[in-house]
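Would you mind keeping the following structure in view while I ask a few things?
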Amino acid sequence: MDINRGSEQWWSKLVRVINSTVCFSMAYIMITFLHWMTLSSIGKFFKFDSFVYYYGIKFVLNGAYWNRLNVSFIYGGGTLFFLLFGLFSLYLYDKLRNFKSVLNLFFIWGFIIGTTLFCVQIIVAAIGYGEYNSPFYQGLAVVFAWVRIPIFIVYALVIPFAILFAYFVVHYGKPVLRLAYSFTRVNKLSRRRMFFLETIIVPFLIGSVGVTALTFPMNLFIHLTYMVAILVAIVGTYVAMPYIEVLKDDVLRYKNLQKLNYVFIVVLGLMVMFVIVTFKGLFMSAT
């Protein structure tokens with residue numbers, strides 16, 4: 001049965017869910033690992049060796065000392081990485097959206113995950129500020145503590161971060177809806193919500209179980225915070241769907257999302273193997 005005629009068959013929806021689950025998992029693993037690699041790379045500039053794990057980083061000071069400058073650059077740079085990754089993913093999607101590949105769904109997930117994780121850093125900072133033994137004492141929490149920013153300012157910064165988060169949430173929907181294989185799949189509110197549910201929310205719920213298992217039990221509290229933040233973001237997009245308009249000319253007719261992408265499945269398998277093999281850390285020398 002042609003998916004452009006009548007109702008979509010269950011296997012077509014299932015394949016799209018699988019493809020999106022794989023893309024979400026790939027994007028999350030990549031962002032997580034590259035975030036710690038970013039900290040390590042900046043640390044090299046300050047002559048710090050490091051052990052990089054999928055779930056964190058351990059610096060070797062090599063006789064050097066922490067100070068406000070290197071702390072701000074290392075941990076602030078790691079936080080900024082999330083935003084840059086998200087925006088760069090959106091840029092690549094925009095440039096390659098007419099190249100009808102599942103790769104563009106990966107870019108959309110990179111946009112969603114990267115920008116959401118950036119926005120939630122202020123929550124992590126507010127919880128971990130001054131709590132040196134807390135799992136939330138990382139990223140901006142470390143920077144704010146070293147720079148000695150008053151805690152009320154940290155709390156006040158939640159407001160602009162929340163506004164930015166809301167802005168991104170409203171803009172997550174349209175790139176997803178444009179991937180529909182037919183305008184009839186997204187020409188009504190109920191259909192737009194169903195397509196978003198099948199393409200984003202359900203794959204996230206499935207994929208989050210997998211990436212949690214891969215992380216468990218290391219850095220678990222931060223990981224769960226990220227999962228909750230992403231869930232809030234995509235549910236917020238679902239709720240905001242009445243305000244997201246998609247015209248017929250906007251729909252790119254991505255039939256490839258209904259075809260299982262074996263290459264991405266293999267790549268995800270290799271990424272999982274890499275995480276498992278390097279679970280005890282990679283030594284990154286500053287020399």
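The values are calculated or read from the model by the stated rules, or taken from the named source; none is laboratory data. Just so we're clear, the structure is a prediction, and the values are computed from it rather than from any experiment. Neighbour counts are summed over all protein chains in view; Cβ atoms, including those assigned to glycine, are modelled from backbone coordinates with ideal geometry.
Consider residue 51 carefully, then state whether it is surrounded by fewer than 17 Cβ atoms within 10 Å (Cβ to Cβ), outside any loop (DSSP other than H, G, I, E, B) and either in contact with a strand residue (DSSP E or B) (Cβ under 8 Å, 6 or more places away or on another chain) or touching a residue at least 40 places away in the same chain (Cβ under 8 Å) (or both).
It is true that residue 51 is surrounded by fewer than 17 Cβ atoms within 10 Å (Cβ to Cβ), outside any loop (DSSP other than H, G, I, E, B) and either in contact with a strand residue (DSSP E or B) (Cβ under 8 Å, 6 or more places away or on another chain) or touching a residue at least 40 places away in the same chain (Cβ under 8 Å) (or both).
Out of all the residues in the stretch 111-141, which are surrounded by fewer than 18 Cβ atoms within 10 Å (Cβ to Cβ) and not in a loop (DSSP other than H, G, I, E, B)?
127, the sole residue that qualifies.
A further question follows. Do you know which residues across the stretch 56-86 are in a strand (DSSP E or B) and free of Cβ contacts under 8 Å to residues at least 40 places away in the same chain?
Listed by number, the residues that qualify are 57, 59, 60.
Every residue, every condition in (1) modelled with pLDDT of 95 or more; (2) more than 30 Å from residue 19 (Cβ to Cβ); (3) among the polar types (S, T, N, Q); (4) in contact with a Gly (Cβ under 8 Å, 6 or more places away or on another chain), yes or no:
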{"position": "147", "(1), (2), (3), (4)": "no, yes, no, no"}
{"position": "156", "(1), (2), (3), (4)": "yes, yes, no, no"}
{"position": "159", "(1), (2), (3), (4)": "yes, yes, no, no"}
{"position": "162", "(1), (2), (3), (4)": "yes, yes, no, no"}
{"position": "165", "(1), (2), (3), (4)": "yes, no, no, no"}
{"position": "169", "(1), (2), (3), (4)": "yes, no, no, yes"}
{"position": "177", "(1), (2), (3), (4)": "no, no, no, no"}
{"position": "181", "(1), (2), (3), (4)": "no, no, no, no"}
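Each row is one residue, and each column tells you yes or no for (1) in contact (Cβ under 8 Å) with a residue 24 or more places away in the chain; (2) surrounded by fewer than 17 Cβ atoms within 10 Å (Cβ to Cβ); (3) of a type in the set (Gly, Ala, Ser).
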site	(1), (2), (3)
231	yes, yes, no
235	yes, yes, no
240	yes, yes, yes
243	yes, yes, no
246	yes, no, no
249	no, yes, no
256	yes, no, no
263	no, yes, no
267	yes, yes, no
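Between a first residue in the stretch 104-115 that is in contact (Cβ under 8 Å) with a residue 40 or more places away in the chain and a second residue that is among the charged types (D, E, K, R), which pairs have beta carbons less than 8 Å apart while being 6 or more apart in sequence or on different chains?
If the second residue must be among the charged types (D, E, K, R), the pairs left are 104/97.
Moving on. When you check residue 105 against the structure, is it outside any helix (DSSP H, G or I) and surrounded by 23 or more Cβ atoms within 10 Å (Cβ to Cβ), yes or no?
no
Condition check ((1) in contact with a strand residue (DSSP E or B) (Cβ under 6 Å, 6 or more places away or on another chain); (2) of a type outside the set (D, E, K, R); (3) within 25 Å of residue 238 (Cβ to Cβ); (4) in contact (Cβ under 8 Å) with a residue 40 or more places away in the chain) across all residues:
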position	(1), (2), (3), (4)
166	no, yes, yes, yes
195	no, yes, yes, no
198	no, no, yes, yes
202	no, yes, yes, yes
223	no, yes, yes, yes
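Kindly check whether there is at least one residue in the stretch 83-101 that is of a type in the set (A, V, I, L, M, F, W, C), more than 25 Å from residue 199 (Cβ to Cβ) and crowded, with 17+ Cβ neighbours inside 10 Å.
no
Please give the number of the condition residue 168 fails out of (1) under 19 Å from the mean Cα position of the chain (by Cα); (2) surrounded by fewer than 16 Cβ atoms within 10 Å (Cβ to Cβ).
With (1) under 19 Å from the mean Cα position of the chain (by Cα); (2) surrounded by fewer than 16 Cβ atoms within 10 Å (Cβ to Cβ) applied to residue 168, the lone miss is (2).
Condition check: closer than 12 Å to residue 246 by Cβ, free of Cβ contacts under 8 Å to residues at least 40 places away in the same chain and hydrophobic (A, V, I, L, M, F, W, C). Does residue 183 satisfy that?
For residue 183, the condition - closer than 12 Å to residue 246 by Cβ, free of Cβ contacts under 8 Å to residues at least 40 places away in the same chain and hydrophobic (A, V, I, L, M, F, W, C) - is not met.
Can you tell me which of (1) farther than 21 Å from residue 286 by Cα; (2) surrounded by fewer than 18 Cβ atoms within 10 Å (Cβ to Cβ) is the one residue 60 doesn't meet?
(1)
Residue pairs, Cβ under 6 Å, 6 or more apart or interchain, first in the stretch 272-287 and closer than 21 Å to residue 25 by Cα, second part of a loop (DSSP other than H, G, I, E, B). List them.
These pairs meet every condition: 275/54.
Please specify each residue of the stretch 142-162 satisfying the condition of being surrounded by 11 or more Cβ atoms within 10 Å (Cβ to Cβ), among the β-branched types (Val, Ile, Thr), out of contact with any Phe, Trp or Tyr (no Cβ under 7 Å at 6 or more places or on another chain) and part of a helix (DSSP H, G or I).
Correct list: 147, 158.
Sticking with this structure for a sec: Please give the number of the condition residue 81 fails out of (1) in contact with a helix residue (DSSP H, G or I) (Cβ under 9 Å, 6 or more places away or on another chain); (2) over 16 Å from residue 226 (Cβ atoms).
Here residue 81 clears every test but (2).
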